[in-house]
Amino acid sequence: MSLIINSKPEVETVFDKYPTEVKPKIEELQRLIIETAKEVEQVEWLEETLKWGEPSYVTKIGSTLRIDWKPKNPDQYAMYFQCTSKLVPSFREKFGGLFNYEGTRAIVFQLNEEPPFHELKQCIKAALTYHKVKHLEGLGM
């Protein structure tokens, strides 16, 4: 079964408003989320939409995943997770200082650095399947 992606046109409008040095980084996260969703057998449907004005990714079995850049922190961008979930605390436990975290809600990246993609895909997979794995130790990572 192939992944069905429902992408809202307003998402592209937000992407187009990012500064030229930021847009490729956000698009890289977008590609990574879609690529990971295609690799996860349980994920049959992915919605790309806006939540709180930010590009957001929703599956029927997952927790909402958002990506964004904010002018108040111009040298960084982030991937946001449901702050009430076990996701970010589990990432911190598994990966320690590999990522920069913002509380229990985000992994923060520097514009001038490449994220550790292999490990980031594990985080994305955990978010996309969260409702199936939240009872597992380490979220099945």
Q. Computed on alpha carbon atoms, what radius of gyration and Dmax characterise the chain, expressed in Å?
A. 14.2, 42
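At a 1.4 Å probe, what is the % contribution of carbon and sulfur to the accessible area of segment 29-141? Numbers along the way, then the final one.
Working: 2730 of 5700 Å².
That fraction is 48 percent.
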Q) For the chain, modelled as a GNM with alpha-carbon contacts under 10 angstrom, which of K17, K86, K60 fluctuates the most? A) K17
Q: Could you tell me which helices of the chain pass both thresholds, a Cα extent of 20 Å or more along their own axis and a mean Kyte-Doolittle hydropathy of at least -1.0, with helices taken as whole DSSP H runs?
A: 23-39
Q) Top mean-square fluctuation among E114, E12, E28, Gaussian network model of the chain, C-alpha springs under 10 Å? A) E114
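Please compute the length gained on full extension between F117 and D75, using 0.36 nm multiplied by the number of residues separating them and subtracting their Cα-Cα distance.
On the way: separation 42, 0.36 × 42 = 15.12 nm, distance 1.90 nm.
Using 0.36 nm per residue and subtracting the Cα-Cα distance, I get 13.2 nm.
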(Q) Counting heavy atoms of the protein chains only and a 1.4 Å probe, report the per residue accessible area for the chain as a whole number of Å². (A) 53
Q) Points 7 angstrom from Cα along the Cβ direction at K51 and H131: gap in nanometres? A) 1.1
Q: Quick one: which residues, 5 or more positions from K51 or on another chain, have an amide H under 5 Å from its amide H? H modelled 1.01 Å from N in the peptide plane, none for Pro or chain starts.
A: S56
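The values are calculated or read from the model by the stated rules, or taken from the named source; none is laboratory data. None of the values given here were measured: they were computed from a predicted structure. No Cβ is skipped: glycine too gets one built from the backbone with ideal geometry, and neighbour counts run over all protein chains shown. For accessibility, only protein heavy atoms count, side chains too; no ligands or nucleic acids. Shrake-Rupley method; radii C 1.70, N 1.55, O 1.52, S 1.80 Å.
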